[in-house]
Amino acid sequence: MKFWEVRATREHDLPVLAGWLAPGADAGLPSTAPEADDHEIWLIAEHRELDGEHRESAVPGACLRLRRAIGLDRLRHWYHVGCVVHAAKELDLFHRQHTLLLGNDYTGATEFADLACDRAALSLAEQAMAIRTLVRAALLLIARDRERYPPELIVELPGLRDSAGQSPFWEGLGRHFYAGDPLQAAQRFGPAWRTHVAALLPRQPVYTSFLPAATQAAVAQVQPAARVMMEALSMEGLRYGHHVTIDEAGPVFEARIDNLQAVLGAHRRIVAFDADAMPTTAANWLIAMGDMPRVVVARAHALGRTLHLAPAARDSLGLADGDAVWTVPMADAPA
Amino acid sequence: MNAVLDDARYVLRASRMSDLPALECLASASAIGITSLPADRDALFDKLQRSDKAFASDDDASGEEHYLFVLEDRARGGELIGTAGIAASAGFQDRFYSYRNEYVVQVSPELGARNRIHTLHLCHDLTGVTLLTGFHIDPMYADTIAPQLLSRGRLMFIAQFPERFSDRIAAENPGLADDIGNCPFWDAVGRRFFDMDYPAAGELTSGRDKAYIAELMPQSPIYVPLLPEEAQWSLGQLHPVGELPFSILLDEGFDGDTYINLFDGGPTADGRVLMLKTVVRARDAVIACGAPHTGGSLHLVANAEREQFRATSLHLKTDAQTCTIDAPTADALQCEAGTRVRVAPMDGEYGASPIVGATSEGDRA
């Protein structure tokens, strides 16, 4: 079993991460300008592996950008998927119609953006674990800095694409309003392309029944390879909130931060290295330490506001007795 | 054939109950797709009864009136060759629905894109306006002055009784549909909400308020680029059967580009009564009995009666203050010497009328 650690992305990670991201995704480090650096943290999950010469090295497996207060500098758009019923008893008519309404509904929210993992190197179970750890670590960091993050959290998931990389949703809707190639535009403008194209998209509700069947069927459908992300988010308590992305209709998962178990169960605790206090049933805990975003996983046991750790882990964790950390168990306690 | 010989040949008048058999005959020969003249005796009977009530109603009309006019060919012993109506107030008891053509321009400077997008807005704009309805004429008369008289004569009636009508006027025109009931606009729009084909929907709407159906249609604007290409092409397109009445309305100054019909996408023409050509040109004249003029230009002549309304076409000198007609014509117009009438010049040349005595059956096909 791999133990994942989460830290901020650094310059030398970029070549690896670039291969995981969707075309056109922002591939640069967050700005370090004083006014910008707290808007975004790019987190990476890595695990330690022994190489051929038995030297330990860290191998990245998943990443996400933790953003706060999105859509204020650059407008963000989503379609709200609504429902209208057209009914007439006399005609035995009951039609449930879906509508798409363009809006900026999540403006000001917290976001996990560009959630991605190394699909080539990791098994599905490993991907699930890496993402799970990464998402929960991000929630722990939010809990640690709770007042800095707006209470609404969203995560956009990639929508359906055919084998040629075309989105059936775009083909049936967006294409009629912007004739250019969306992939080219995304590569040219980066994430801002969606802001640019939103200016061309319909502002009034669109009845999905006017769209081709394949387009309708693609609404809120996640790319099969991204199901593992969707499941990880579901486990953390995020849900599809009837919004989709404007280019491929990928579902947007949402939650109120303060309702999430990972946030409710996160606490500041004092570290105590004490072999005697560790029961055999000690569970895995996420531990956020230091000022920089760094979260590790270790077997631990919480008693009140004390987190007991095995003395053997002292060196690898770089902690000392009496250090204050933020912690949350890896798995929620059974309800 | 000299068109002057057609002077006063056709007379437009208010319908009466005794027109029922002749109307039935006209209806059974009418084109598919036009539901306003049902080949159904009871429905026609109701229409006639409603019209009788409308013409007889007091001047403080309710707006519910539906006036039916018929056109007689005096050369055929007064045979009915056409009919047309006026609904005083569209959608009187409820709303009158149309789609209004609108365009939005959306721009993305960054993407270098600028789109003019055609949208259809479900609207009630035409609620309460006067509606011209049910124009039908024996196809044999299509090129003659008869359809002109049938259509424009109604405008004379409206202009003479403005308190009974709106100052705005509209007319629905049939959209594209084929003989077996395929209608590209309905198939692209209405069908998605009703699961029924166009003829079935037509039956449904003929029996009840159209507004009821309209409420089940999408209430937000329709983005035309999302419709199938065939439906896009059919927007505002006229069924060939409607070309003649539509061209007359356009000539009168109706606008045919703003509104379209909710069901078949045909153009709904609209205009201001006081701006219409016939209304603008109309002036007073006095009837004199004698030998008719032989020169001059074609004029529409209408008496000032309501239940005894009559209109015909005559050649008159351009600024003639009197309108000299022979006794049978005066009789047909319900006039006598000294009666004040309204006259309005008509443009254009019209084809020869069918020769009296020719059989019409062959031509109707």
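The values are calculated or read from the model by the stated rules, or taken from the named source; none is laboratory data. Note that this is a predicted model, so its numbers are computed, not measured. Heads up, the Cβs are rebuilt from the backbone with ideal geometry, glycines too, and the neighbour counts pull from every protein chain shown.
A few points about this structure:
- Qualifying positions in the range A:214-257 - touching a Gly at 6+ places or on another chain (Cβ under 9 Å), of a type outside the set (S, T, N, Q) and assigned to a helix (DSSP H, G or I): A:Ala214, A:Ala218, A:Ala226
- Scope the range B:215-234; condition over 25 Å from A:Leu101 (Cα atoms) and surrounded by fewer than 22 Cβ atoms within 10 Å (Cβ to Cβ); matching residues: B:Glu230, B:Trp233
- Residue list for the range A:300-326, filter: assigned to a strand (DSSP E or B) and either touching a strand residue (DSSP E or B) at 6+ places or on another chain (Cβ under 8 Å) or in contact (Cβ under 8 Å) with a residue 60 or more places away in the chain (or both): A:Ala300, A:His301, A:Ala302, A:Thr306, A:Leu307, A:His308, A:Leu309, A:Ala324, A:Val325, A:Trp326
- Annotation note: of A:Gln216, A:Gln187, the sole residue that is at pLDDT 95 or above, surrounded by fewer than 22 Cβ atoms within 10 Å (Cβ to Cβ) and either among the polar types (S, T, N, Q) or under 30 Å from A:Ile41 (Cβ atoms) (or both) is A:Gln216.
- Selection within the range B:321-353 - at pLDDT below 80 and over 23 Å from the mean Cα position of the chain (by Cα): none
- Which numbered condition A:Val244 fails, given (1) under 18 Å from A:Ala109 (Cα atoms); (2) facing chain B (nearest Cβ under 9 Å): (2)
- Filter result for A:Pro34 (out of contact with any Asp or Glu (no Cβ under 9 Å at 6 or more places or on another chain), more than 14 Å from chain B (Cβ to nearest Cβ) and either modelled with pLDDT under 90 or under 26 Å from A:Gly250 (Cα atoms) (or both)): yes
- Against the numbered list (1) out of contact with any Pro (no Cβ under 6 Å at 6 or more places or on another chain); (2) surrounded by fewer than 21 Cβ atoms within 10 Å (Cβ to Cβ), B:Gly181 comes up short only at (1).
- Strands (runs of 3 or more DSSP E) within the range A:92-186 that include 3 or more residues on the phi < 0 side of the Ramachandran plot and out of contact with any Leu (no Cβ under 8 Å at 6 or more places or on another chain): A:93-103, A:152-156
- Which listed residue, of B:Leu150, B:Leu71, B:Leu120, is more than 24 Å from B:Thr258 (Cα to Cα), aliphatic (A, V, I, L, M) and in a strand (DSSP E or B): B:Leu71
- The range B:117-130 residues that are more than 14 Å from chain A (Cβ to nearest Cβ) and surrounded by fewer than 18 Cβ atoms within 10 Å (Cβ to Cβ), paired with ones that are among the charged types (D, E, K, R) and in a loop (DSSP other than H, G, I, E, B) (beta carbon under 6 Å, 6 or more apart): B:His124/B:Arg95; B:Thr127/B:Arg95
- Within the range A:86-103, the set of residues being surrounded by fewer than 14 Cβ atoms within 10 Å (Cβ to Cβ), more than 10 Å from chain B (Cβ to nearest Cβ) and not charged (D, E, K, R) comprises just one member, A:Phe94.
- A:Ala298 fulfils the conditions (1) within 24 Å of the chain's Cα centre (by Cα); (2) under 17 Å from A:Ala143 (Cβ atoms) except for a single criterion, (2).
- Count of the range A:167-183 residues which are of a type in the set (A, V, I, L, M) and either facing chain B (nearest Cβ under 10 Å) or crowded, with 22+ Cβ neighbours inside 10 Å (or both): 2
- One residue from A:Gln223, A:Gln204, A:Gln216 being more than 14 Å from chain B (Cβ to nearest Cβ) and of a type in the set (S, T, N, Q): A:Gln223
- Residues of the range A:228-280 classified as out of contact with any Pro (no Cβ under 7 Å at 6 or more places or on another chain) and closer than 22 Å to A:Asp323 by Cα, total: 15
- Some residue of the range A:66-75 being assigned to a loop (DSSP other than H, G, I, E, B) and buried (at least 20 other Cβ atoms within 10 Å of the Cβ): yes
- You will find that of A:Val271, A:Val297, the residue that is part of a strand (DSSP E or B), buried (at least 22 other Cβ atoms within 10 Å of the Cβ) and in contact with a Leu (Cβ under 8 Å, 6 or more places away or on another chain) is A:Val271 and no other.
- Within the set A:Cys83, A:Cys117, the sole residue that is within 14 Å of chain B (Cβ to nearest Cβ) and farther than 17 Å from A:Ile70 by Cβ turns out to be A:Cys83.
- Tally, over the range A:187-201, of residues that are more than 10 Å from chain B (Cβ to nearest Cβ), on the phi < 0 side of the Ramachandran plot and not in a helix (DSSP H, G or I): 1
- Residue that is modelled with the highest pLDDT [pool: residues in the range B:80-116 that are more than 30 Å from B:Ser18 (Cβ to Cβ) and away from chain A (no Cβ under 14 Å)]: B:Asn101
- When we screen A:Val297, A:Val219, A:Val206 for residues that are touching a residue at least 40 places away in the same chain (Cβ under 8 Å) and under 30 Å from A:Pro60 (Cβ atoms), the only hit is A:Val297.
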